[in-house]
Each structure stands twice: as C-alpha cells, then as structure tokens.
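Notes follow once the structure below has been shown.
The values are calculated or read from the model by the stated rules, or taken from the named source; none is laboratory data. Note that the structure is predicted; figures quoted are calculated from it, not measured. In this analysis, Cβ positions are derived from the backbone assuming ideal geometry, glycine residues included, and neighbour counts consider all displayed protein chains. Side chains included, ligands, DNA and RNA excluded: accessible areas come from the protein's heavy atoms. Shrake-Rupley method; radii C 1.70, N 1.55, O 1.52, S 1.80 Å.
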Amino acid sequence: MDKAEELFEQVYESYGPSLYRFCLVQMKHPADAEDILQEVFCKRLYQAPRFKSPEHERNWLFRVALNLCRDEWRRRRRSELPLAAAEGVFLPPEELSLLDQAADLPEKQRTALHLYYYEGYSLREIARLLDVTVPTVKMRLKRGREALRKEWI
C-alpha cells in the first residue's frame, strides 16, 4: 500500500461517517451524498493544504463538503427528497425522523443544527467554518430549534 492509499484510509476512517451524514443532510439523497463525499476526499488527497492540527483538517473537510453541497444545489435546483432511503445508514430511526424534519429547514439553519448537535462543533467553530458571527450562529440555531419544535407539537 502506498502512502496516498494509507492517507486516504486514515482520513476516511476518521472523518468518513460524520462527513457522509453531513452530506446526506445537505443533499437529502444517499447517492448525491456519496458523490459529494467522494469529491471531498479527492480534494483532500490532491488539493489540501498542510494542516496545523487534526481540528484544522476536520474544519477544512467540513467546509469543502458544505461548499460542494451548495454548488451542487445551485447546479441542480433539486426538489425536496425524503431521507427515508437512508434508514439503515449510521442512524437509529428516531434520529432519522429528526433529520427528516430538519431536511425541510432552510439550508443555513439545517447546517448550523447539524454541525452543533451531530458533529459537536462549538458556536465559535461553526462561526469560523461558515464565515459568520457567533450571534448569527446562535440565531440560526434558535430559529431551527423553533421550527423543529413547531413540527413536533
């Protein structure tokens, strides 16, 4: 196994499942999420900068994934698709139901909620990743939670 293959396996083991979930939430279709994930890892192998730390690498990967998802949405102007096709993917049914509800939220709220609750990013990290202020992240989380609360009541 050459060095590039080892790097790919190591990075994929560390970040693959969480990046896939993130892409799935963004794209709402497993095949699209897999395509984006593949692009992210190709960029990681061939275009990535030197990383100061694993956290820097993780942030870079999520930023690339978000940008690729946004680009794809702009390109396709896809219709809303249910996440039901992903029931067996990394998530228990109750979480899938919540993600299905979150899929109907605006992209900015959906992204903030996912990064905060599923990926464990802090408010400050999300703000840096999305290039917004911490109060903006707080507002997106608040509005997203309120919208989900209305759906559940």
| request: Quickly run through the stretch 1-19 and pick out the residues that are open to solvent by 10 Å² or more (accessible area, probe 1.4 Å) and within 26 Å of residue 117 (Cβ to Cβ). | output: 12, 13, 14, 15, 17, 18
| query | If you go through the stretch 115-135 one residue at a time, how many are over 18 Å from residue 18 (Cβ atoms), of a type outside the set (Val, Ile, Thr) and open to solvent by less than 80 Å² (accessible area, probe 1.4 Å)? | reply | 2
| Qualifying helices (runs of 4 or more DSSP H) (wholly inside the stretch 76-148; at least 1 residues being more than 20 Å from residue 65 (Cα to Cα) and modelled with pLDDT under 90) | 93-102
| Across the stretch 20-53, which residue is least open to solvent (accessible area, probe 1.4 Å) among those that are closer than 22 Å to residue 110 by Cα and outside any helix (DSSP H, G or I)? | 28
